[in-house]
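Participant: Dropping the structure in here first, questions after.
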Amino acid sequence: MFRSSSYHTIDQKGRVNIPIRFQDVIKASGGEGIMVSRMDSCLFAYTLSEWNKIENRILATPEKSDYFRRFIRIFIGGAAECNCDKQGRVLIPLPLRQYAQLEKEIVLVGVLTRFEIWSRERWDKENELQEEDRKEESFKKELSKVGL
């Protein structure tokens, strides 16, 4: 599982250093790379085995609304396989970097079955929103369901 957050920089070529603890999860899943797609103003990065599970769940969905088909078009159609190099870096394709506004300072956030790649600026704004979310009654109920 991916856990914890770390601050990094993305180099001019678009390469991101993957922390050792994340590399270990990727290797333990039997792969040497990740699938990266866009969502929520950041990038979602999955092990190849976890990505296959997502694709299988999508394929198993019997009815696909116009909204869901558009989602698939963007999420699956915009995804890229990114392999780790010998230094533990992955090259993020330009369209994905542009979507997430990855320029220099970035944050990698472990979210159990995936990790997210955020621009530092967007991550800081996301943290501010999260503090506001804690005041919402429906959110409090969701947290209580998992014992928090």
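Participant: Here are Ser41, Ser65: which of them is hydroxyl-bearing (Ser, Thr, Tyr) and at pLDDT 95 or above? Please lay out each step first, then the result.
Facilitator: Numbers: Ser65 fails: at pLDDT 95 or above.
Answer to the selection: Ser41.
Participant: For the range 112-143, give me each residue that is within 20 Å of Val36 (Cβ to Cβ) and either surrounded by fewer than 10 Cβ atoms within 10 Å (Cβ to Cβ) or β-branched (Val, Ile, Thr) (or both).
Facilitator: As a first pass, look at the range 112-143 and keep what is within 20 Å of Val36 (Cβ to Cβ): 112-123, 126.
Leu112, Thr113, Ile117, listed by residue number.
Participant: Also, quick follow-up: Quick check on my filter: what residues within the range 1-36 are small (Gly, Ala, Ser) and surrounded by 13 or more Cβ atoms within 10 Å (Cβ to Cβ)?
Facilitator: Going through the range 1-36, the residues small (Gly, Ala, Ser) turn out to be 4-6, 14, 28-31, 33.
Selection gives Ser5, Ser6, Gly14, Ser29, Gly31, Gly33.
Participant: Would you call Ser144 assigned to a helix (DSSP H, G or I) and more than 18 Å from the chain's Cα centre (by Cα)? Talk me through it step by step, then tell me what you get.
Facilitator: Values: assigned to a helix (DSSP H, G or I): yes; more than 18 Å from the chain's Cα centre (by Cα): yes.
It is true that Ser144 is assigned to a helix (DSSP H, G or I) and more than 18 Å from the chain's Cα centre (by Cα).
Participant: Sticking with this one: Is it fair to say Arg97 is among the basic types (Lys, Arg), closer than 17 Å to Arg120 by Cα, modelled with pLDDT of 95 or more and crowded, with 17+ Cβ neighbours inside 10 Å?
Facilitator: Details: among the basic types (Lys, Arg): yes; closer than 17 Å to Arg120 by Cα: yes; modelled with pLDDT of 95 or more: yes; crowded, with 17+ Cβ neighbours inside 10 Å: yes.
When the stated conditions are applied, Arg97 passes them.
Participant: Look through Leu102, Leu108 and report the one residue that is touching a residue at least 60 places away in the same chain (Cβ under 8 Å), aliphatic (A, V, I, L, M) and in a loop (DSSP other than H, G, I, E, B).
Facilitator: Values: Leu108 fails: in a loop (DSSP other than H, G, I, E, B).
Sole residue among the options that is touching a residue at least 60 places away in the same chain (Cβ under 8 Å), aliphatic (A, V, I, L, M) and in a loop (DSSP other than H, G, I, E, B): Leu102.
Participant: Write out, first by first residue and then by second, each pair whose Cβ atoms fall under 9 Å of each other, whose residues are 6+ apart or on separate chains, and whose first residue, in the range 53-81, is closer than 30 Å to Gly14 by Cβ and in contact (Cβ under 8 Å) with a residue 40 or more places away in the chain while the second is assigned to a helix (DSSP H, G or I) and among the aromatic types (Phe, Trp, Tyr).
Facilitator: Gly78/Tyr99; Ala79/Trp51; Glu81/Trp51
The values are calculated or read from the model by the stated rules, or taken from the named source; none is laboratory data. Computed from a prediction, not measured in an experiment: that's the story for all the values here. Heads up, the Cβs are rebuilt from the backbone with ideal geometry, glycines too, and the neighbour counts pull from every protein chain shown.
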